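Undergrad: Attaching a single structure in structure tokens format; questions to follow.
The values are calculated or read from the model by the stated rules, or taken from the named source; none is laboratory data. Computed from a prediction, not measured in an experiment: that's the story for all the values here. Ideal geometry is used to build each Cβ from the backbone, glycine not excepted, and the neighbour counts take in all protein chains shown.
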Amino acid sequence: MSYRKQQRYYRTCRGRCGQRRRRFRKTGVRLSAVIIGTVLILILCGRVIFTDGIGGITGQVAESQAVETAASSDTSSGQQDSRAARSHQQKNAQEQVWNLVLVNPWNPVPENYEPELTYLRNGQAVDSRCYPELQQMMDDCRAAGFDPLICASYRTMEKQEALFEDKEARLIREGCPENEVEAEAAKVVAYPGTSEHQLGLALDIVDVSYQQLDTEQENTPVQQWLMKNSWKYGFVLRYPTDKSDITGIIYEPWHYRYVGKEAAAEMYENKLCLEEYLGIN
């Protein structure tokens with residue numbers, strides 16, 4: 001091949017190679033653009049999906065947490081309300097029960113029972129919670145023209161023991177068989193630890209004109225008024241004449257017990273003693 005032909009051949013080859021390289025560059029640019037565009041689209045789509053997904057999950061979690069928090073708050077509030085209600089009920093129960101504590105030969109004074117006392121002018125004392133009604137009853141009785149006297153009220157254990165022993169001594173002097181002394185004494189004076197006087201809710205009230213503690217007391221003007229009206233102030237005649245087999249105590253037309261106005265009204269209307277009212281016979 002001549003020199004000129006060789007030169008033309010080389011120029012032709014270089015031209016073709018250059019065209020190929022240019023086509024390759026253009027194709028590469030186009031492919032790169034496509035790839036980059038695709039990647040950008042995928043990134044953008046992924047970002048949207050990713051963002052929406054997190055937002056949705058976060059929203060669900062937040063909503064779930066809100067529900068749980070609300071439920072927890074409701075539960076906590078409900079528990080607090082329940083505890084408050086129970087506390088309120090317990091408090092009300094305690095306030096209602098104190099005036100209905102049953103003490104008789106079979107039910108002793110609750111252990112460590114110590115009432116808060118209000119002392120009267122004559123040295124007697126009563127549970128402070130029943131004092132206002134007692135004072136009103138005594139004032140109204142006097143306003144009606146009568147002269148009541150409280151001769152016995154709250155007693156300590158030591159005082160009750162002394163009274164019981166004194167009664168036993170008198171029975172012995174009167175010739176009561178020794179093996180019967182205690183039982184006979186308990187019919188008149190409550191055995192220590194089983195006296196309502198130890199509650200501070202019981203009172204022995206007599207007429208100043210007749211201060212004997214016997215059945216004649218029922219005929220005095222004071223007792224006639226008290227038997228008709230004491231229930232209005234929350235007091236009842238504790239040991240009626242026909243209830244001794246239930247109360248375990250003989251008829252005492254001078255012994256009054258505070259039970260509260262509601263209980264006193266029902267007991268008076270239905271002629272019930274405390275044991276019957278409480279359903280404990």
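Undergrad: Would you tally the residues in the stretch 197-218 being touching a strand residue (DSSP E or B) at 6+ places or on another chain (Cβ under 6 Å) and without any contact (Cβ under 8 Å) to a residue 40 or more places away in the chain?
TA: 2
Undergrad: Output the number of residues of the stretch 180-218 satisfying the condition of being modelled with pLDDT of 95 or more and either in a loop (DSSP other than H, G, I, E, B) or polar (S, T, N, Q) (or both).
TA: Residues in the stretch 180-218 being modelled with pLDDT of 95 or more and either in a loop (DSSP other than H, G, I, E, B) or polar (S, T, N, Q) (or both): 15 in total.
Undergrad: Restricting to the stretch 240-269, what's the tally of residues that are more than 19 Å from ALA152 (Cα to Cα), out of contact with any Cys (no Cβ under 6 Å at 6 or more places or on another chain) and not in a helix (DSSP H, G or I)?
TA: Count: 4.
Undergrad: For the stretch 240-263, which residues satisfy the criterion of being of a type in the set (D, E, K, R) and either free of Cβ contacts under 8 Å to residues at least 24 places away in the same chain or more than 16 Å from CYS151 (Cα to Cα) (or both)?
TA: Those that are of a type in the set (D, E, K, R) and either free of Cβ contacts under 8 Å to residues at least 24 places away in the same chain or more than 16 Å from CYS151 (Cα to Cα) (or both): ASP242, LYS243, ASP245, LYS261, GLU262.
Undergrad: Only one of these is of a type in the set (A, V, I, L, M), in a helix (DSSP H, G or I) and either free of Cβ contacts under 8 Å to residues at least 60 places away in the same chain or over 25 Å from ASN107 (Cβ atoms) (or both): LEU272, LEU163, LEU237. Name it.
TA: The conditions single out LEU163.
Undergrad: Just one of the numbered conditions (1) in the same structural domain as TRP231 (by TED's automatic domain parsing); (2) under 21 Å from TYR251 (Cα atoms) is not true of ALA144; which one?
TA: ALA144 satisfies every listed condition except (2).
Undergrad: Only one of GLN89, GLN124 is within 25 Å of LEU201 (Cβ to Cβ) and modelled with pLDDT under 50. Can you tell me which?
TA: Only one candidate qualifies: GLN89.
Undergrad: Quick one: how many residues across the stretch 97-118 are touching an Asp or Glu at 6+ places or on another chain (Cβ under 6 Å) and more than 10 Å from GLY193 (Cα to Cα)?
TA: Adding up the residues that qualify gives 1.
Undergrad: Please enumerate the residues belonging to the stretch 210-240 that are buried (at least 18 other Cβ atoms within 10 Å of the Cβ), β-branched (Val, Ile, Thr) and out of contact with any Asp or Glu (no Cβ under 7 Å at 6 or more places or on another chain).
TA: VAL236
Undergrad: Which of the residues belonging to the stretch 241-264 are buried (at least 19 other Cβ atoms within 10 Å of the Cβ) and acidic (Asp, Glu)?
TA: GLU252, the sole residue that qualifies.
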